[in-house]
Amino acid sequence: MSEPDPGAGAGAGAGPGRLERDDAPPPARCAPVLAAAFVREPAMTWIAGGSDRVRRAWFSATLRTHATLPGARRHLLTDGTGRPVAAAVLTPPAAVPSGAARASWAARTLVGCGPRALVRTLRYLHAAEAGIPTGAWTLEFIGVEPEAAGRGAGGRLLGHLLAATPAPGGVFLTTADEANVRLYRRFGFTVLRRLTVGPLEVTAMWRPAARADAR
């Protein structure tokens, strides 16, 4: 998968107001939120070339495939009107799509996003997934819609999913945005390694299990 991004407003800023949480939303509700949240994210910009259409198609295809994984998790926050404002996607330890699911994702990505997006996604995955600690969950994506930024929604969602995910092997993520490294450190993540993917400088991070999860 691609670069997780807490989005603007993921810190402990102003109060988020009334937010409702959905811990089992369909992929189709999460994809538009993440496509909007990742509009300036370096890895997504490299993959999608700055195209809104490609970025939306990419998240639609990717989350649809991700949902085929047994135990895959999605979390969504909505505002008082029911509008989605933040979303997160996690992969269970060692979970990989079936051959048929991978082929379907590649076909949808090729048609909807073009060969460049497909090739660059595969390059990112090959580099980023090589160092996942044994038994760790992967936080694939977390993002906040730009209009909801600065209200603490991202930090609230990140805190919830870390508390709610049974992760004896910890939680792994990668980010191509150096500003995110500081945010994730505040949530207990440490840097495992840094790598270069095309023009991107990517940081791989890991958060060890809480004591209750490690038992």
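Here are some notes:
- Spin-label model, ARG83 to HIS160: label points 7 Å out along the Cα-to-beta-carbon direction sit 1.8 nm apart.
- Rolling a 1.4 Å probe across the protein heavy atoms gives the range 118-215 an accessible surface of 46 Å² per residue.
- Percent carbon-and-sulfur accessible area, the chain, ignoring ligands, DNA and RNA, probe 1.4 Å: 56 percent
- Model label sites at ARG40 and ASP22, defined 7 Å from Cα along the beta-carbon direction, differ in position by 2.8 nm.
- Modelled FRET efficiency - R0 22 Å, VAL181 with ASP52, Cβ distances, 0.05 increments: 0.25
- Per residue accessible area of the range 52-94, 1.4 Å probe, in Å²: 38 Å²
- Cα shape, the chain, gyration tensor, a/c 1.5 rule: rounded
- With R₀ set to 22 Å, the beta-carbon distance separating HIS126 from VAL191 gives a calculated FRET efficiency near 0.60.
- Gaussian network model of the chain, springs between alpha carbon atoms under 10 Å - residue of ALA94, ALA48, ALA149 with greatest fluctuation: ALA94
- Highest-fluctuation residue, GLU201, GLU178, GLU129 considered, GNM on the chain with Cα pairs under 10 Å: GLU178
The values are calculated or read from the model by the stated rules, or taken from the named source; none is laboratory data. These numbers come from a predicted model, not from an experiment. No Cβ is skipped: glycine too gets one built from the backbone with ideal geometry, and neighbour counts run over all protein chains shown. In case anyone asks, the SASA skips ligands and DNA or RNA and just uses the protein heavy atoms, side chains included. Shrake-Rupley method; radii C 1.70, N 1.55, O 1.52, S 1.80 Å.
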